[in-house]
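The values are calculated or read from the model by the stated rules, or taken from the named source; none is laboratory data. Note that this is a predicted model, so its numbers are computed, not measured. Reconstructed Cβ throughout: ideal geometry from the backbone, glycine too, with neighbour counts over all protein chains shown. For accessibility, only protein heavy atoms count, side chains too; no ligands or nucleic acids. Shrake-Rupley method; radii C 1.70, N 1.55, O 1.52, S 1.80 Å.
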Amino acid sequence: MASPRGEFSSRLGFIMAAAGSAVGLGNIWGFPTQAASNGGAAFLLVYLILAFTLAYPVLMAELIIGRHAHANAVNALRLISPNRVTRRIGTATGITGFIVASFILSFYAIVAGWMLAHCVAAVSELFRFNGLAEWLTEFSFARNLGFMLIFMALTVGIISEGVQQGIERWSSRLMPMLLISLVLLVLYVFTLEGAMDGLRVYLLPDFERALAPDLILNALGAAFFSLSLGVGTMLIYGSYISDRENLPVVGGLVTLVDICIAVLAGFLVLPAMYVALHNGVEIFTATGELISEDTLIFNVLPRLFDTMGLAGVVVSLLFFFLMSIAALTSSISMLEVPVAYTIEEHGVGRKRAVVVIGTLIAIASTVILLNFEALFGLVVAATTRYSQPLLGFVFCVYVGWIWHRDQLLQEVRKGSDRVEHGLFWKIWPGYVRVVCPVIILLIFAQSLLG
Ligand code: PHE
């Protein structure tokens, strides 16, 4: 079928794009920082369990609905609904999803702007513009606003190019660079004094902490955020996959890449924190809590790089460049959610939709910047900690209870005709129907009561 909608040109193109969406600030800024403030290895353990047992099944739900409907989340949930009530709930879920995606982008662009600013700061240091470098690394409204706007402009530019020319081409170029740079940095940090202390914190779990309700809810939010779930991003990427692909396999690969990069980033950030500590940088308060979680890596890493002399400037450039890349391949996937909806629902041209929505989101980011203390943490928690898992819950209910099981099987069978004899079909349908929704609700209930 020659559809007017975009489609990824190959399996690799899809995996790059979906992994590009999944791998982002969530892996390299969010996950290691959360791990550091939630007991290191205890958090890692719970995160790994939740990522494989809850996030992967929800990812599959989104990909399968998306490919079946070949549409954005709103239309897709409507399409698989058998009656008026479920159609209405589906519409409301899809719309909530794109609003949440837009708010995620509004804080994400701010953090990504910090990454860009640090990257440019390293370049200016190389050319000895030290005053400029200082301004770029200090927290000011002007810097925050300027770099947020630059980052949004980059995102808007890529998304206006569409699926193959924009999303796929850029993700395939940027993702391998990211992986290589990360591995090199990890190897380098391991050679430094103090790194082993960080490694110990990261790898030796305190099992008692792993059962704390708050830790579990944080890890759930982190896993959903990291795999870009709940807001319709993976659903819309699923809608651009060709019918020949074996979804459980490609979904599994994306999950694996995402988790590996988060874990790898932990091998960089936790040891780096302890190297910094070893060099006299304060990272904990007297009560043992992390100083300013949101900006932790901006406090710790530049100081760490400083201690390396000229090599440090190059390492810093590499690191923040890598962070900016990772952020960009994710931000484009967030912007695609409201854009795809607006194009498909209201018949607006792509370029126009992208510019209008990008501007609205940049305005939201500006409001957050003007009230940073009050709004930043609030928007992060409301979108990632609460909205994403709850929306994921609704996706499970649609796949498990509302969508007709025969249609579901037909869809999964498309890229692999023997799928109903395999392990995936034996476990997954019952699992998304009962186990996933129940566990998500239990984690919420436990955290509210606890
Ligand atoms: N998964 C991305 C990251 O880890 C964030 C993201 C969330 C992207 C929701 C799209 C949708 O940074």
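Computed values, structure above
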item: Highest-fluctuation residue, Val281, Val313, Val254 considered, GNM on the chain with Cα pairs under 10 Å; result: Val281
item: Extension gain from Ile150 to Arg244, taking 0.36 nm per residue of separation minus the Cα-Cα distance; result: 30.0 nm
item: Karplus (6.51, -1.76, 1.60) ³J(HN,Hα), θ = phi - 60°, over segment 83-95, in Hz, Gly and Pro reported as x; result: 9, 5, 4, 5, 5, 5, 5, x, 4, 4, 5, x, 5
item: GNM result for the chain, Cα springs below 10 Å: residue of Ser324, Ser242, Ser333 fluctuating most strongly; result: Ser242
item: Phe284 long-range amide H proximity, modeled H, under 5 Å; result: Ile291
item: Trypsin sites (Lys or Arg not before Pro) within segment 415-448: DSSP coil, no more than 12 neighbouring Cβ in 10 Å; result: Arg418
item: Inter-label distance, nm, simple model (7 Å from Cα along the C-beta direction), Phe129/Leu179; result: 3.5 nm
item: Probe 1.4 Å, protein heavy atoms only - accessible area per residue of segment 1-139 in square angstrom; result: 35 Å²
item: In Å², nearest 10: area of Val263 left accessible to a 1.4 Å probe; result: 30 Å²
item: Test item: Cα-centred dipole of the chain, Lys/Arg +1 and Asp/Glu -1 on Cβ, debye; result: 1400 debye
item: Once exposed loop GluC sites (Glu not before Pro) are cut out (DSSP; at most 13 other Cβ, 10 Å), longest piece of the chain; result: 290-450
item: Gain upon complete extension [Tyr386, Val348; 0.36 nm per residue less C-alpha separation]; result: 10.5 nm
item: Accessible-area composition of segment 352-433, carbon plus sulfur, in percent [1.4 Å probe]; result: 63 percent
item: Distance (nanometres) between label positions extended 7 Å along Cα→Cβ at Ser140 and Val438; result: 5.7 nm
item: Carbon and sulfur %, accessible surface of segment 77-217 computed with the full protein complex present, 1.4 Å; result: 67 percent
item: Helix-derived mean residue ellipticity, 222 nm - over the chain, DSSP H n ≥ 4, -39500 (n - 2.57), to 500; result: -23500 deg cm²/dmol
